[in-house]
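> First, the structure itself, so that you have it in front of you.
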Amino acid sequence: MSDKEKSAGTLLKEKLEKNWESAWKDFNEDDQLQAFGHDYLGFLSKGKTERQWVNLSVQLAEEAGYQPLENFLKKEKLEAGDKVYAIHKNKTVILFNIGKEAISQGMAIIGAHIDAPRLDLKPAPLYESEALGLFKTHYYGGIKKYQWVTIPLAIHGRVMKKDGGFVDITIGEDAKDPVFCITDLLPHLAKEQNGKKLDEAITGEGLNLLIGSRPYPENELKDGVKANLLKILNDKYGIIEEDFATAELEVVPAGAARNVGFDESLIGGYGQDDRVCSFTALRAILDQTQPANRTQCVILADKEEIGSVGNTGMHSRFFENTVAEVINLLGEKKAELILRRCLMNSAMLSADVTAGVDPNYAGTHDKFNAPYLGKGIVLSKYGGARGKSGSNDAHAEFMGKMRKLMDDAGVVWQMGELGRIDLGGGGTIAYILAEYGMDVLDCGPALLSMHAPFEISSKVDVYMTYKGYKEFLKNY
Ligand code: MN
Ligand code: MN
């Protein structure tokens with residue numbers, strides 16, 4: 001229809017009204033999108049723990065010319081164009097692309113987290129019951145416990161041995177590997193269980209992992225299954241039962257991330273909260289083609305799912321300390337003051353996922369302010385719960401800058417709240433970095449089935465997130 005044929009009302013609406021359209025509309029970067037999706041699937045399938053994610057990220061960073069901070073500490077010098085990474089406790093990594101501008105002007109920072117909800121083995125996990133061998137677990141982060149039974153599970157992690165050495169374990173991912181499982185009651189005997197509330201039907205102490213059933217071949221040996229498992233563990237990994245006390249073993253869904261849907265427009269996999277933002281942020285900094293004007297920084301942090309605590313969570317000073325090292329290497333006088341100015345003048349995208357509208361669960365969102373899969377990267381002005389409590393409420397000015405940045409780069413974005421007011425809520429690392437006085441905005445793709453063993457994202461949202469992050473680092 002030409003403009004002449006349109007009614008005055010239609011023209012008015014076209015001019016003034018906002019329609020939040022699909023990011024697939026007029027989308028013409030299919031080759032880049034498919035290539036990016038393929039890379040992401042590979043990373044997501046291989047990186048199931050924080051340590052693994054750090055290793056994968058550093059590998060990619062080194063290929064892009066990044067060097068460890070230690071190299072620069074030896075040279076006692078850093079300058080524009082230098083690309084640096086710093087690892088903390090094997091579980092967090094920070095990357096810097098040093099810009100030409102004085103660092104006191106602030107950095108463009110993207111902060112994501114690389115931990116994900118899972119089941120951790122307890123310090124004394126191994127026991128035998130009813131002639132079966134089991135591991136006790138303690139879940140990490142917010143899970144719906146019923147989702148973790150009767151699915152194939154893998155074990156990843158590190159065991160510190162008595163002699164100070166360690167062994168890294170990954171079992172359940174290769175097609176030749178065995179997997180592990182938490183059993184559930186058959187429906188025939190589940191009358192009592194079915195009558196319980198969803199969050200009480202499966203208990204934390206009931207999440208025990210089935211790991212074997214064949215006893216050690218010696219008659220009358222007590223707990224023969226456990227004995228046989230200890231033998232296998234000792235043969236395979238050289239560990240003894242006491243070593244579990246000094247281990248970090250994570251039980252996660254087994255298997256690779258996959259394309260989802262006949263049209264392969266979606267991605268399904270474990271740990272997309274928040275490895276989708278970690279991967280897009282990492283690629284956003286590594287794929288910069290021009291020297292940085294403002295120093296660019298990507299933080300991949302641990303422990304967000306349990307409140308950003310501990311010395312690898314964002315409440316720890318490792319980030320601030322690392323920036324102090326960078327400032328010192330840049331030869332700044334009054335380093336402490338420059339550090340304060342740098343952090344105050346920085347801007348950060350708190351790169352985390354949000355909850356997309358699920359057609360199976362109508363009414364969880366205010367539909368006018370809800371994020372939808374396929375409508376692009378979500379700018380969440382605030383998160384939190386019950387009256388924005390605990391949220392970083394981004395300022396209109398910063399939102400305005402981000403909006404212009406995204407629009408100018410052809411990045412499709414949408415607004416989003418985490419869900420309907422008073423229904424629940426949640427936080428990210430946004431408020432922690434905001435304590436320095438820097439501008440912070442929550443910004444990432446929407447997921448379905450967040451925190452489930454198999455989370456769903458939209459490929460076009462993932463791609464728009466990458467484009468948006470890249471643009472922010474380059475031009476903020
Ligand atoms: Mn998250
Ligand atoms: Mn989460």
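> If we count every other residue with Cβ under 12 angstrom of Ser7's Cβ, Lys/Arg +1 and Asp/Glu -1, where does the sum land? If you can, show how the numbers build up before the last one.
On the way: positive: Lys4, Lys6, Lys13; negative: Asp3, Glu5, Glu14.
Around Ser7, the surrounding residues sum to 0.
> As I understand it, the value is the acute angle between the Cα axis of helix 335-345 and the longest principal axis of the Cα atoms of the chain; what does it come to in degrees, rounded to 10?
The angle comes out near 80 degrees.
> Under the rule a/c < 1.5 gives rounded, and otherwise a/b versus b/c splits prolate from oblate, where does segment 159-237 land using the Cα gyration tensor? Kindly include the intermediate steps, with their values, before the conclusion.
On the way: a/c = 2.34, a/b = 1.68, b/c = 1.39.
Note, shape of segment 159-237 comes out prolate.
> Please list the radius of gyration and Dmax for segment 207-304, considering alpha-carbon atoms only, with Å as the unit.
Cα only, segment 207-304: 22.4, 73 Å (Rg, Dmax).
> Among Leu210, Phe398, Thr246, which residue has its Cα positioned farthest towards the positive end of the charge dipole of the chain, with +1 placed on the Cβ of Lys and Arg, -1 on the Cβ of Asp and Glu, and the dipole taken about the Cα centre?
Phe398
> Next up: From the residues Leu126, Tyr476, Thr465, which one has its Cα farthest along the dipole of the chain in the positive direction, the dipole being from +1 and -1 charges on Cβ of Lys/Arg and Asp/Glu about the Cα centre?
The one lying farthest along the dipole's positive direction is Tyr476.
> Please give me the summed charge of the neighbours of Tyr140: other residues whose Cβ is under 9 Å from its Cβ, Lys and Arg +1, Asp and Glu -1. Write down the numbers at each step before the final one.
On the way: positive: Arg118; negative: Asp115, Asp120, Glu250, Glu305.
Once positives and negatives cancel, what remains is -3.
> While we're on this one: Stick to the Cα atoms of segment 118-253, pair each with every other, and give me the Kirkwood hydrodynamic radius in Å at one decimal.
Numbers: mean 1/r = 0.0626 Å⁻¹.
Hydrodynamic radius (Kirkwood, Cα only) of segment 118-253 equals 16.0 Å.
> Just the C-alpha atoms of segment 233-377: what Rg/Rh do they give, with Rh taken as the Kirkwood radius?
On the way: Rg = 21.1 Å, Rh = 19.9 Å.
Rounded to two decimals, Rg/Rh equals 1.06.
> Of the cross-linked pairs Lys48/Lys89; Lys162/Lys231; Lys46/Lys226; Lys89/Lys467; Lys176/Lys236; Lys46/Lys161, which ones have a Cα-Cα span greater than 20 Å in the structure shown? Present the calculation step by step, with values, prior to reporting the outcome.
On the way: Lys48/Lys89 17 Å; Lys162/Lys231 17 Å; Lys46/Lys226 30 Å; Lys89/Lys467 30 Å; Lys176/Lys236 15 Å; Lys46/Lys161 25 Å.
Result: Lys46/Lys226; Lys89/Lys467; Lys46/Lys161 exceed 20 Å.
> Relative contact order of the chain: what whole-number percent is it, with Cα pairs under 8 angstrom and at least 6 residues apart?
Result for the chain is 22 percent.
> By how many nm would the segment from Arg386 to Lys333 grow when fully extended, if each residue of separation counts as 0.36 nm and the alpha-carbon distance is taken off? Mind dumping the intermediate values first?
Details: separation 53, 0.36 × 53 = 19.08 nm, distance 4.51 nm.
Length difference between fully extended and current span is 14.6 nm.
> Mind checking the log10 I(q)/I(0) for segment 125-176 at q = 0.16, 0.26 Å⁻¹? Debye, one equal scatterer per Cα, no solvent, two decimals.
Result of the Debye calculation: -0.75, -1.21.
> To the nearest 20 debye, what is the magnitude of the charge dipole of the chain about its Cα centre, counting +1 on the Cβ of each Lys and Arg and -1 on the Cβ of each Asp and Glu? Mind dumping the intermediate values first?
On the way: 56 positive and 68 negative charges, 158 e Å.
So the magnitude is around 760 debye.
> Sticking with this one: Tilt of helix 396-408 relative to the longest C-alpha principal axis of the chain, in degrees (0 to 90, nearest 10)?
The answer is roughly 90 degrees.
> Quick one: putting +1 on the C-beta of Lys and Arg, -1 on the C-beta of Asp and Glu, what dipole do you get for segment 118-253 around its Cα centre, in Debye to the nearest 20? Walk me through the intermediate numbers first.
Values: 17 positive and 22 negative charges, 61 e Å.
About 300 debye.
> If you don't mind, another one. For the Cα atoms of the chain, what angle does the longest principal axis make with the long axis of helix 50-63, in degrees from 0 to 90, nearest 10?
On a 0 to 90 degree scale, this one is about 50.
> Starting from a Cα-only point model with no solvent, please compute log10 I(q)/I(0) by Debye for segment 326-476 at q = 0.21 1/Å.
-1.32
> Using the eigenvalues of the Cα gyration tensor, what equivalent ellipsoid semi-axes result for the chain when each is taken as the square root of five times the eigenvalue, whole Å, largest first? Kindly include the intermediate steps, with their values, before the conclusion.
Numbers: eigenvalues 332, 188, 74 Å².
In descending order the semi-axes read 41, 31, 19 Å.
> Using alpha-carbon positions, what is the distance between the centroids of segment 166-234 and segment 60-96, in Å?
Between the Cα centres of segment 166-234 and segment 60-96 lies a distance of 42 Å.
> Then there's this: Can you pull the Kirkwood radius for segment 69-176, inverse mean 1/r over Cα pairs, to one decimal in Å?
One decimal place: 18.7 Å for the Kirkwood radius.
> What number do you get for segment 1-110 when its Cα radius of gyration is normalised by 2.2 N^0.38 Å, N = residues?
Working: Rg = 23.0 Å, N = 110, 2.2 N^0.38 = 13.1 Å.
Compactness ratio reported: 1.75.
> Nearest 5 is fine: what % of DSSP beta bridges in the chain come out antiparallel, could you say? Please list the in-between numbers first.
Details: 52 of 73 bridges.
Bridges in the chain are about 70 percent antiparallel.
Just so you know, all these numbers are worked out from the coordinates, no wet-lab data involved. All of these numbers come straight from a predicted model, not from anything done at the bench. Neighbour counts run over all protein chains shown; Cβ positions are idealised from the backbone, glycine included.
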